[in-house]
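First the structure, in the form of structure tokens, and then the observations on it.
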Amino acid sequence: MPLPTNPLQMVHLGPRKKKPRQMGASMVCPSHDIKFQDLVLYILEKKMGTTRRAFLMELARRKGFRVEDELSDSITHIVAENNSGSEVLEWLQGQNHKVSSQLELLDVSWLIESMAAGTPVETTGKHQLVKRDYSANLNPELQKTPPLVIKKISQYACQRRTTLNNYNQIFTDAFEVLAENYEFRENEVFCLAFMRAASVLKSLPFTIISMKDTEGIPCLEDKVKCVIEEIIEDGESSEVKAVLNDERYQSFKLFTSVFGVGLKTSEKWFRMGYRTLNKIKLDKTLKFTPMQKAGFLYYEDLVSCVTRAEAEAVGMLVKEAVWAFLPEAFVTMTGGFRRGKKIGHDVDFLITSPGSTDEDEEQLLPKVINLWERKRVDSGKCSQQEGKTWKAIRVDLVMCPYERRAFALLGWTGSRQFERDLRRYATHERKMILDNHALYDKTKKIFLKAESEEEIFAHLGLDYIEPWERNA
Ligand code: UTP
Ligand code: MG
């Protein structure tokens with residue numbers, strides 16, 4: 001993204017004179033009243049230059065900001081120009097400055113906006129060069145040397161902490177459109193390349209603002225870098241724009257939004273010349289699966305996202321039904337909601353019960369469905385849409401043997417990219433096979449037991465990653 005053009009840059013400051021080195025702006029100017037006591041600013045000279053720095057310091061002080069000449073622990077806001085987050089972090093490390101999680105590293109646009117507003121404006125992602133709470137997520141070893149964190153990013157999502165705080169959404173949104181388009185075209189290699197790239201950028205504690213910031217970041221192939229470069233320069237990607245306007249992409253997007261419709265069906269409908277769902281629904285020659293029938297029937301409900309409140313309400317119903325048959329069962333919400341997402345396309349539950357038999361496990365889900373079916377009939381509710389007071393929601397129920405609950409919980413919590421990389425890591429780095437049921441050590445030829453997710457990470461020699469840090 002081009003940096004905002006700055007009107008202050010145009011101000012003529014007169015001929016440059018050689019000044020004594022220590023002459024800070026505060027020494028040549030009368031002291032100004034400090035209006036904003038909570039903020040202590042430091043303006044970085046690097047890439048800004050002495051003159052412009054002195055000018056901005058003086059101006060900010062006149063506007064009531066407290067601006068320090070020297071770096072110190074009292075600084076709350078560091079303002080930089082033409083520097084990326086990683087460059088500022090690297091510079092601070094060179095100065096041996098402790099970077100606390102409270103320190104704001106901001107682009108000069110924040111200071112300029114604040115001076116124009118006459119008060120400090122709220123710091124948002126567009127101003128922040130580094131995510132403010134970034135050090136809170138890192139292990140203590142890495143916290144001591146922030147820039148190393150940036151250089152040592154693992155190619156595996158299971159060795160990165162990815163919260164929902166995405167500082168590179170402009171890039172990851174673009175990658176996800178491209179990945180989806182490659183998926184629709186069954187080009188797995190490019191699809192995976194863009195998914196991996198999106199995943200790694202989601203874990204970064206800073207926004208990429210120049211190509212230099214991409215140095216040392218794994219999973220960024222040339223094709224990916226071209227897209228990043230274009231977005232930095234033009235604010236958008238021409239490839240993404242073309243995909244969004246592509247008829248095949250638009251049709252596949254629409255068709256797969258129907259529950260039960262995948263790539264094969266979409267391909268068929270597209271080849272038949274269909275472009276809208278209405279025409280498809282009216283075609284009497286087409287045969288729909290029971291899932292697709294439900295998908296069309298509850299289309300509006302199912303495309304609208306599930307909220308957390310709805311997920312919690314569904315959770316109560318699931319528990320009530322499950323406990324009717326297995327009173328000791330544990331019912332845990334997994335999937336995106338367990339990772340802290342506020343909305344989802346479905347609600348996922350894992351059910352497990354100590355002491356349950358194979359038969360109990362096999363029969364539970366049919367029994368639950370049956371119970372709900374009977375309740376629906378008894379209450380007189382039908383699929384009637386008019387004046388309805390209910391909403392159809394997709395629920396995924398998984399039942400697993402009690403001894404396997406840790407593997408199932410880890411496997412069904414996601415994200416998909418996190419799971420993919422966990423399995424890839426197990427295979428390539430540990431010679432182990434991991435799935436939603438078990439972990440097998442190929443060298444020792446044994447299944448490794450685990451009572452908790454922490455134990456599985458330990459078997460794999462991985463630092464534990466909390467569910468809300470698995471949003472890869
Ligand atoms: P979801 O598709 O529900 O994704 O699968 P999500 O992360 O909850 O996001 P929403 O629902 O779109 O908001 C949840 C997890 O279950 C596992 C995957 O690891 C996925 O991350 N899963 C899903 C499987 O293991 N197998 C499946 O067939 C489906
Ligand atoms: Mg889900």
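The values are calculated or read from the model by the stated rules, or taken from the named source; none is laboratory data. In this text the structure is predicted, and so the values were computed from the model without any measurement. For neighbour counting, all protein chains shown are included, and Cβ atoms are generated from backbone atoms with ideal geometry for every residue, glycine included. All accessible areas refer to the heavy atoms of the entire protein, side chains included, with ligands and DNA or RNA removed. Shrake-Rupley method; radii C 1.70, N 1.55, O 1.52, S 1.80 Å.
May I ask you to say which residue of Gly125, Gly85 is buried (at least 23 other Cβ atoms within 10 Å of the Cβ) and either in contact (Cβ under 8 Å) with a residue 60 or more places away in the chain or farther than 24 Å from Leu164 by Cα (or both)?
Result of the check over Gly125, Gly85: Gly85.
If I filter the stretch 440-472 down to residues being under 20 Å from the mean Cα position of the chain (by Cα) and in a loop (DSSP other than H, G, I, E, B), which single residue comes out as nearest to Arg339 (Cα to Cα)?
Asn471
Out of the stretch 185-223, which residues are of a type in the set (Val, Ile, Thr) and either within 11 Å of Phe171 (Cα to Cα) or assigned to a helix (DSSP H, G or I) (or both)?
If the condition is that a residue be of a type in the set (Val, Ile, Thr) and either within 11 Å of Phe171 (Cα to Cα) or assigned to a helix (DSSP H, G or I) (or both), then Val189, Val200, Thr207, Ile208, Ile209, Thr214 are the ones that fit.
Name every residue in the stretch 238-249 that is in a helix (DSSP H, G or I) and in contact (Cβ under 8 Å) with a residue 12 or more places away in the chain, in order of residue number.
Glu239, Val240, Val243, Leu244, Glu247, Arg248, Tyr249
Quick test of your reading of the structure: Glu419 fulfils all but one of (1) within 16 Å of ligand 1 (Cβ to nearest atom); (2) open to solvent by 80 Å² or more (accessible area, probe 1.4 Å); (3) among the acidic types (Asp, Glu). Name the failing condition by number.
Only one criterion in (1) within 16 Å of ligand 1 (Cβ to nearest atom); (2) open to solvent by 80 Å² or more (accessible area, probe 1.4 Å); (3) among the acidic types (Asp, Glu) is unmet by Glu419, namely (2).
Here is a list: Thr307, Thr289. Which entry is of a type in the set (Ser, Thr, Tyr) and more than 13 Å from Asp346 (Cα to Cα)?
Testing whether each residue is of a type in the set (Ser, Thr, Tyr) and more than 13 Å from Asp346 (Cα to Cα) leaves just Thr289.
Could you tell me how many of the residues in the stretch 209-221 are open to solvent by 40 Å² or more (accessible area, probe 1.4 Å) and among the acidic types (Asp, Glu)?
Total meeting the criteria: 2.
Take the conditions acidic (Asp, Glu) and buried (at least 18 other Cβ atoms within 10 Å of the Cβ) and apply them to Asp358. Does it pass?
For Asp358, the condition - acidic (Asp, Glu) and buried (at least 18 other Cβ atoms within 10 Å of the Cβ) - is not met.
Can you find, within the stretch 35-80, the residue that is farthest from Glu113 (Cα to Cα) among those that are in contact with a Pro (Cβ under 9 Å, 6 or more places away or on another chain) and in a loop (DSSP other than H, G, I, E, B)?
Asp38
If Ile34 satisfies all but one of (1) open to solvent by 20 Å² or more (accessible area, probe 1.4 Å); (2) touching a Lys or Arg at 6+ places or on another chain (Cβ under 6 Å); (3) under 28 Å from Met211 (Cβ atoms); (4) in contact (Cβ under 8 Å) with a residue 24 or more places away in the chain, what's the number of the condition it fails?
Just one mismatch for Ile34, condition (3).
Just wondering, is there one or more residues in the stretch 285-293 that are among the β-branched types (Val, Ile, Thr), surrounded by 18 or more Cβ atoms within 10 Å (Cβ to Cβ) and modelled with pLDDT of 95 or more?
Taking every residue of the stretch 285-293 in turn, none turns out to be among the β-branched types (Val, Ile, Thr), surrounded by 18 or more Cβ atoms within 10 Å (Cβ to Cβ) and modelled with pLDDT of 95 or more.
Tally time: how many residues in the stretch 128-157 are open to solvent by less than 40 Å² (accessible area, probe 1.4 Å), of a type outside the set (A, V, I, L, M), more than 13 Å from Val99 (Cα to Cα) and modelled with pLDDT under 60?
Residues in the stretch 128-157 being open to solvent by less than 40 Å² (accessible area, probe 1.4 Å), of a type outside the set (A, V, I, L, M), more than 13 Å from Val99 (Cα to Cα) and modelled with pLDDT under 60: 1 in total.
Spot the failing condition for Pro366; the list is (1) under 30 Å from Met195 (Cβ atoms); (2) more than 16 Å from ligand 2 (Cβ to nearest atom); (3) open to solvent by 30 Å² or more (accessible area, probe 1.4 Å); (4) assigned to a helix (DSSP H, G or I), and only one is missed.
(1)
Being closer than 24 Å to Thr162 by Cβ, modelled with pLDDT of 95 or more, within 16 Å of ligand 1 (Cβ to nearest atom) and assigned to a helix (DSSP H, G or I) narrows it down to one residue among Gly340, Gly336; which is it?
Among Gly340, Gly336, only Gly336 is closer than 24 Å to Thr162 by Cβ, modelled with pLDDT of 95 or more, within 16 Å of ligand 1 (Cβ to nearest atom) and assigned to a helix (DSSP H, G or I).
Under the condition of being open to solvent by 60 Å² or more (accessible area, probe 1.4 Å) and within 13 Å of ligand 2 (Cβ to nearest atom), which residue from the stretch 343-355 is farthest from Ile393 (Cα to Cα)?
Step by step, filter the stretch 343-355, then rank; the result is Ile343.
Tally up the residues in the stretch 315-333 that are small (Gly, Ala, Ser), more than 16 Å from ligand 1 (Cβ to nearest atom) and crowded, with 17+ Cβ neighbours inside 10 Å, please.
2
In the stretch 439-463, which residues are closer than 19 Å to Leu350 by Cβ and open to solvent by 20 Å² or more (accessible area, probe 1.4 Å)?
Matches in the stretch 439-463: Lys449, Glu451, Ser452, Glu454, Glu455.
Can you tell me how many residues in the stretch 323-340 are within 10 Å of ligand 2 (Cβ to nearest atom) and touching a Leu at 6+ places or on another chain (Cβ under 7 Å)?
1
Here's the yes/no breakdown for (1) within 24 Å of Glu469 (Cβ to Cβ); (2) surrounded by fewer than 23 Cβ atoms within 10 Å (Cβ to Cβ):
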{"position": "Gln159", "(1), (2)": "yes, yes"}
{"position": "Thr162", "(1), (2)": "yes, no"}
{"position": "Asn166", "(1), (2)": "yes, yes"}
{"position": "Asp173", "(1), (2)": "yes, yes"}
{"position": "Asn181", "(1), (2)": "no, no"}
{"position": "Phe190", "(1), (2)": "no, yes"}
{"position": "Ser199", "(1), (2)": "yes, no"}
{"position": "Lys202", "(1), (2)": "yes, no"}
{"position": "Thr207", "(1), (2)": "yes, no"}
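Please pick out the residue among Phe259, Phe171 that is touching a helix residue (DSSP H, G or I) at 6+ places or on another chain (Cβ under 7 Å) and more than 28 Å from Phe296 (Cα to Cα).
Only one candidate passes the filter, namely Phe171.
Is it the case, given these coordinates, that Arg424 is under 30 Å from Leu326 (Cα atoms), among the basic types (Lys, Arg) and either more than 27 Å from the chain's Cα centre (by Cα) or part of a helix (DSSP H, G or I) (or both)?
No; evaluated as a whole, the condition is false for this residue.
From the list Arg404, Arg394, which residue is open to solvent by 50 Å² or more (accessible area, probe 1.4 Å), within 16 Å of ligand 2 (Cβ to nearest atom) and modelled with pLDDT of 95 or more?
Step by step, each of Arg404, Arg394 is checked, and only Arg394 is open to solvent by 50 Å² or more (accessible area, probe 1.4 Å), within 16 Å of ligand 2 (Cβ to nearest atom) and modelled with pLDDT of 95 or more.
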